[in-house]
1. Which pairs do you get when a residue that is farther than 14 Å from LEU51 by Cα and open to solvent by 60 Å² or more (accessible area, probe 1.4 Å), found in region 71-85, comes within reach of a residue that is of a type in the set (Val, Ile, Thr) and part of a loop (DSSP other than H, G, I, E, B), reach meaning Cβ atoms under 8 angstrom, with the pair 6+ apart or on two chains?
2. Kindly provide the set of residues from region 2-32 that are at positive phi and either modelled with pLDDT under 95 or of a type in the set (A, V, I, L, M, F, W, C) (or both), ordered by number.
3. Is there any pair with a first residue in region 1-29 that is more than 11 Å from TYR80 (Cβ to Cβ) and of a type in the set (Gly, Ala, Ser) and a second that is open to solvent by 30 Å² or more (accessible area, probe 1.4 Å) and not in a loop (DSSP other than H, G, I, E, B) whose Cβ atoms are under 6 Å apart and which are 6 or more apart or on different chains, and what are they?
4. ALA15 versus (1) touching a Lys or Arg at 6+ places or on another chain (Cβ under 9 Å); (2) surrounded by fewer than 14 Cβ atoms within 10 Å (Cβ to Cβ): which is the lone unmet condition?
Amino acid sequence: KHYLIVRELGKGAFATVKLAVHKETEERFAIKSIDKKKFMDSRRNNNNKALMEEVNILMKVSHPNIIGIKEVFITDKCLYLVLEL
């Protein structure tokens with residue numbers, strides 16, 4: 001409800017990336033939608049903790065060569081990462 005989805009930028013085995021515009025600021029972002037079930041099925045240990053550890057690390061890192069995470073939304077089925085474009 002905070003972002004207007006514009007179009008798909010890319011798709012992988014368990015994630016889709018879409019161009020989005022923040023409704024209030026009109027700032028452009030990439031939103032990565034990770035299908036949690038497909039992600040878990042692709043891992044041998046089916047550990048959701050590994051995915052969240054990676055997200056937590058990326059949220060703490062600030063480096064010009066690493067895409068920053070602006071926001072994270074979690075539902076029962078998906079993990080949404082709002083990323084710098």
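1. Matching pairs, first to second residue: GLU84/ILE67.
2. none
3. As it stands, the answer is GLY10/VAL17, since those pairs meet every condition given.
4. Answer for ALA15: the failing condition is (2).
The values are calculated or read from the model by the stated rules, or taken from the named source; none is laboratory data. These figures come from a predicted structure and were not determined experimentally. We place every Cβ from the backbone using ideal geometry, glycine too, and count neighbours over all the protein chains shown. When the accessible area is computed, the model is the full protein with side chains, heavy atoms only, and any ligands, DNA or RNA have been set aside. Shrake-Rupley method; radii C 1.70, N 1.55, O 1.52, S 1.80 Å.
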